[in-house]
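First comes the structure, then the notes that go with it.
The values are calculated or read from the model by the stated rules, or taken from the named source; none is laboratory data. Remember, it's a predicted structure, so these values are computed and weren't measured experimentally. Note that we place each Cβ from the backbone using ideal geometry, even for glycine, and neighbour counts take in every protein chain shown. Note: areas computed on protein heavy atoms with side chains; ligands, DNA, RNA excluded. Shrake-Rupley method; radii C 1.70, N 1.55, O 1.52, S 1.80 Å.
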Amino acid sequence: MIRRSLLIAAALACTAAAPAPVGSGYHLVKSVTLGGDGFWDYLSIDPARRHLFVSHGTHVMVLDADTYAVVGDIPNTPRVHGIAVAKERGFVSDGGDNTVTMFDLASLKVLGKITVGTKPDAIIYDPATNRVFTMNAGSNDATAIDAATGTVIGTVALGGGPEFAAADGKGHVFVNLEDQSEMVKFDSRKLTVEAHWPMAPCEGPSGLAIDRANERLFAGCHNETMAIVDGATGKVIATPAIGKGVDANRFDDGYAFSSNGYGTLTVVHEDTPDSFTVVDNVPTQLGARTMEVDPKTHTVFLVTADLVATPPTADNPHPRPTITPGTFRLLAFARP
């Protein structure tokens with residue numbers, strides 16, 4: 001997305017209150033060079049099969065989530081953005097040709113291509129309906145796919161440019177509209193919009209995560225805040241400060257994470273469903289703006305590469321930086 005390029009280029013020029021921990025303890029435990037060229041976007045994990053999926057330009061790298069070794073590859077995914085893990089199948093959003101690549105989670109064999117909306121970006125799985133949803137940045141809508149058959153079921157008009165999304169597991173999907181600074185809530189069975197919620201003071205919401213147990217949503221905003229939203233009412237409960245250049249958010253084991261492209265991982269502790277404390281801004285590396293969390297080990301995975309500023313031109317005043325060939329790498333952060 002344009003905003004991501006701007007940020008990276010600019011960087012180169014229910015329960016009783018529990019005491020917030022002093023710090024999360026997250027620290028870098030491993031850096032693994034993956035190599036290759038091309039930009040990257042979202043990461044995803046298949047906890048059962050211990051596979052970590054890493055988007056990388058025109059393909060998806062498949063890593064062992066415990067050893068970090070490359071164990072497979074999903075080819076022909078032009079301008080890949082994200083990977084959704086359903087019951088037996090995986091789905092990859094291919095922004096370059098307006099399709100989704102469907103593959104078998106056990107064998108990693110490609111099973112086919114599915115035509116969706118224009119410029120599919122984020123992609124998520126909704127366990128309540130066994131459907132996969134693509135967030136289509138070019139057509140401002142979401143495409144619903146039956147995860148069992150790969151059949152397109154319908155489309156939801158969103159009224160703005162979607163970024164990331166999250167499902168509550170109860171039949172609702174929440175979507176950040178980055179250009180409207182809104183969150184949309186829609187019924188994942190009926191494919192009808194139920195609400196448009198203004199997210200002020202959040203500006204330009206990007207990443208999104210959910211605490212399903214407490215119906216709390218965590219949206220990373222480009223004015224360096226995390227908007228924490230009540231999934232029932234749409235009320236913005238809190239806006240803790242985060243680092244600059246957020247592009248992804250995750251929630252795991254009482255912590256909300258914000259991966260920030262300017263080189264930090266903000267960690268927010270959920271003290272109660274209505275009280276939150278920033279406990280860490282862990283140093284990462286420039287460009288490490290997307291992530292995934294392993295629910296088994298609680299390891300946070302990020303990717304980045306060595307970036308070199310590209311001079312602006314009249315035709316392209318905000319160019320993406322240049323990637324130093326062979327420097328694409330995985331960063332693993334763990335806590336004691």
Contact order normalised by residue count of segment 124-226, Cα under 8 Å, 6+ apart, percent
19
Taking the simple approach of a point 7 Å from Cα along Cα-to-Cβ for both LEU28 and ALA314, what is their distance in nm?
4.2
Can you tell me the Rg and Dmax of segment 246-288, counting just the alpha carbons, in angstroms?
10.6, 32
Per residue of the chain, what 222 nm ellipticity follows from adding -39500 (n - 2.57) for every DSSP H run with n ≥ 4, rounded to the nearest 500?
-1000 deg cm²/dmol
Work out the FRET efficiency for VAL193 and ASN223 from their Cβ-Cβ distance, taking R0 = 35 Å, and round it to the nearest 0.05.
0.85
Which order do you get for ARG320, ARG50 if you rank them by accessible area with a 1.4 Å probe, largest at the top?
ARG320, ARG50
Sequence of THR118, THR134, THR225 from largest to smallest accessible area, 1.4 Å probe:
THR118, THR225, THR134
Work out the FRET efficiency for THR327 and ASN76 from their Cβ-Cβ distance, taking R0 = 30 Å, and round it to the nearest 0.05.
0.80
Simple spin-label estimate for ALA200 and ALA241 in nanometres, 7 Å along Cα-Cβ
2.3
SER181 accessible area, assembled protein chains, probe 1.4 Å, Å²
30
Heavy atoms of VAL71 accessible to a 1.4 Å probe, total area in Å² rounded to 10
80
Find the eigenvalues of the gyration tensor of the Cα atoms of segment 127-190, then list the square roots of 5 times those eigenvalues as equivalent ellipsoid semi-axes, largest first, in whole angstrom.
19, 13, 8
Take the Cα atoms of segment 75-193, find their three principal axes, and give me the spread along each one in whole Å, biggest first.
39, 30, 18
Work out the count of Lys pairs in the chain where the Cα-Cα distance is under 27 Å, with the pair 8 or more places apart or on different chains.
23
How long are the three semi-axes of the equivalent ellipsoid of the chain, in whole Å, if each is the root of 5 times an eigenvalue of the C-alpha gyration tensor, listed from largest down?
25, 25, 21
Which value in Å is the Kirkwood Rh of segment 224-331 over different Cα pairs?
15.3
Any idea what Rg and Dmax come out to for segment 23-117 if you just take the C-alpha atoms, in Å?
13.7, 45
Proportion of all alpha-carbon pairs of segment 114-250 beyond 21 Å (%):
33
Of LEU34, LEU105, ordered by accessible area with the largest first and a 1.4 Å probe, the sequence is LEU34, LEU105
